[in-house]
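Remarks on the structure that follows.
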């Protein structure tokens with residue numbers, strides 16, 4: 001990838017944000033379960049106060065002004081509803097607006113949908129864990145184009161972005177929005193990129209469910225296996241009616257991570 005999936009600028013950032021735990025294995029028939037007090041807190045958790053709501057205040061605000069280099073102060077600018085990192089120099093007055101990162105990815109299967117493309121991460125966070133091709137959206141590309149680029153960079157596999165089907169949107173409240181597509185590849189030609197130590201096609205029964213990089217990886221794989229593939233495998237079904245899985249991960253008033261549909 002040109003700037004590393006979970007890119008170099010995001011390695012430190014994401015280590016504190018996404019590396020919340022090894023992916024928790026939840027059978028597809030199970031209800032979503034909250035993270036409990038028995039779950040060991042991570043660097044991700046420590047960024048949030050015990051009273052954090054769905055939208056979290058001041059995540060990783062820049063310490064210095066992006067325009068003039070003056071040390072910033074945290075305050076609420078005029079006509080704004082949130083605190084921002086602001087330059088105190090009257091001649092500058094730059095306000096830094098921090099926005100969620102956009103992550104794109106693709107669940108890629110063989111044409112018969114019997115196997116899925118997986119990549120073993122060669123970089124942090126979660127080096128040595130498994131996932132599908134994904135990374136940050138670049139400037140001047142659509143989410144479909146970004147998913148295709150990530151797949152080529154991480155796994156050496158290519159597909160027409162126009163044929164990608166939207167299958168999931170995950171909101172990691174306050175930090176990140178993930179847009180995941182489903183694609184049936186025309187061939188099984190793969191080649192591990194710099195950020196992957198291994199890539200290959202795996203039968204669904206051989207997916208390393210206990211060794212996935214992030215919870216969102218499991219969510220997307222299960223949704224593809226249990227919902228998307230059965231739909232598109234039905235000759236009478238209209239695959240344009242794929243149900244897009246929407247989930248939000250957030251911190252409740254007690255400081256516990258929760259997951260909700262939508």
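The values are calculated or read from the model by the stated rules, or taken from the named source; none is laboratory data. Because the structure is predicted, anything quoted here is derived from the model rather than measured. Neighbour counts run over all protein chains shown; Cβ positions are idealised from the backbone, glycine included.
Let's see how each residue does on (1) at pLDDT below 95; (2) surrounded by fewer than 19 Cβ atoms within 10 Å (Cβ to Cβ); (3) in contact with a helix residue (DSSP H, G or I) (Cβ under 7 Å, 6 or more places away or on another chain); (4) more than 22 Å from residue 185 (Cα to Cα):
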position	(1), (2), (3), (4)
221	no, no, no, no
233	yes, yes, no, no
250	yes, no, no, yes
260	yes, yes, no, yes
If we keep only residues of the range 150-173 that are without any contact (Cβ under 8 Å) to a residue 60 or more places away in the chain and in a helix (DSSP H, G or I), then the residue surrounded by the most Cβ atoms within 10 Å (Cβ to Cβ) is 151
Residue hits (the range 78-128; assigned to a strand (DSSP E or B), closer than 22 Å to residue 191 by Cβ and in contact with a helix residue (DSSP H, G or I) (Cβ under 8 Å, 6 or more places away or on another chain)) are 104, 105, 106, 107, 108, 109, 115, 116, 117, 119
Reported set for the range 129-146 where residues are more than 12 Å from residue 221 (Cβ to Cβ) and in a loop (DSSP other than H, G, I, E, B) is 129, 133, 137, 138, 139, 140, 141, 142
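Let me confirm something: among 106, 157, 164, 122, which residue is under 16 Å from the mean Cα position of the chain (by Cα) and outside the structural domain of residue 67 (by TED's automatic domain parsing)?
Values: 157 fails: under 16 Å from the mean Cα position of the chain (by Cα); 164 fails: under 16 Å from the mean Cα position of the chain (by Cα); 122 fails: under 16 Å from the mean Cα position of the chain (by Cα).
On inspection, the qualifying residue turns out to be 106.
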Output for Cβ contacts, cut-off 6 Å, separation at least six or different chains, first residue not assigned by TED's automatic domain parsing to the domain that holds residue 82 and in a strand (DSSP E or B) in the range 174-189, second modelled with pLDDT under 95 and surrounded by fewer than 18 Cβ atoms within 10 Å (Cβ to Cβ), reads 176/100; 177/100
